[in-house]
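Only one structure is covered here, and it is reproduced in the block below.
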Amino acid sequence: FSLSMILTVSSKSLPIKLTKHSEGFVEPVAVVDAKDGLRRLYVVERGGTIRMTRRLDGFLQETPFLDISSLLGPCTGYCTERGLLGLVFHPNHKENGYFYINYTSQDSSGNLETIISRFSRSTTK
């Protein structure tokens with residue numbers, strides 16, 4: 001899977017040109033900007049990882065920003081709505097390092113449960 005940037009070619013017409021931004025994602029469900037001035041995009045993959053890519057050139061960092069695949073556990077039955085589904089950065093993320101994820105997992109009875117967790121990254125550079 002690859003990300004594309006949408007560029008308007010002319011203000012008088014509606015042509016749109018798609019260009020490849022980055023590639024190498026597995027089941028991406030969201031693209032998020034932390035709006036922290038660092039020009040990075042975070043790609044949420046349903047399997048439990050968040051990958052980071054540079055906004056300007058599309059370079060994909062090899063090591064995931066976050067990997068919660070072990071928290072998702074095995075899936076039995078209907079699995080397409082299961083996994084890491086969302087990411088949001090706290091409005092003061094640049095100062096406090098907080099971000100939140102939404103994921104689903106099966107409990108011991110096989111029921112699907114939705115979990116929202118807060119994480120933090122180091123605020124030192």
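For K20, go through the aspartates and glutamates and keep the ones whose alpha-carbon is under 13 Å away, minus same-chain ones fewer than eight residues off. List returned: D57.
In the complete set of protein chains, residue-level accessible area for R46 is approximately 50 Å², probe 1.4 angstrom. Report the local net charge at P91: Lys and Arg +1, Asp and Glu -1, summed over other residues whose C-beta lies under 12 Å from its C-beta. Here the count lands on 0.
For segment 38-82, the relative contact order works out to 30 percent when only alpha carbon pairs closer than 8 Å and six or more residues apart are counted. Taken about its Cα centre, segment 30-125 carries a charge dipole of about 420 debye when Lys and Arg each add +1 at the Cβ and Asp and Glu each add -1 at the Cβ.
Excluding V29 itself, calculate the net charge of residues whose Cβ lies under 9 Å from the Cβ of V29, where each Lys or Arg counts +1 and each Asp or Glu counts -1.
In short, -1.
Across segment 84-101, rounded Karplus estimates of 3J(HN,Hα) from the backbone phi angles (6.51 cos²θ - 1.76 cosθ + 1.60, θ = phi - 60°) give 7, 10, x, 8, 9, 9, 4, x, 9, 3, 4, 8, 9, x, 7, 8, 10, 10 Hz, Gly and Pro being marked x.
Potential lengthening of the chain between D36 and E81 amounts to 13.2 nm, from the contour at 0.36 nm per residue minus the alpha-carbon distance. What number comes out for the charge environment of L72, summing +1 per Lys or Arg and -1 per Asp or Glu over other residues with Cβ under 13 Å away? Summing Lys/Arg as +1 and Asp/Glu as -1 gives -4.
The values are calculated or read from the model by the stated rules, or taken from the named source; none is laboratory data. Computed from a predicted model, the values in this text were never measured in an experiment. When we count neighbours, we look across all protein chains shown, and the Cβ atoms used for this are built from the backbone with ideal geometry, even at glycine. Side chains are part of the model used for accessible areas, which takes the heavy atoms of the whole protein and leaves out ligands, DNA and RNA. Shrake-Rupley method; radii C 1.70, N 1.55, O 1.52, S 1.80 Å.
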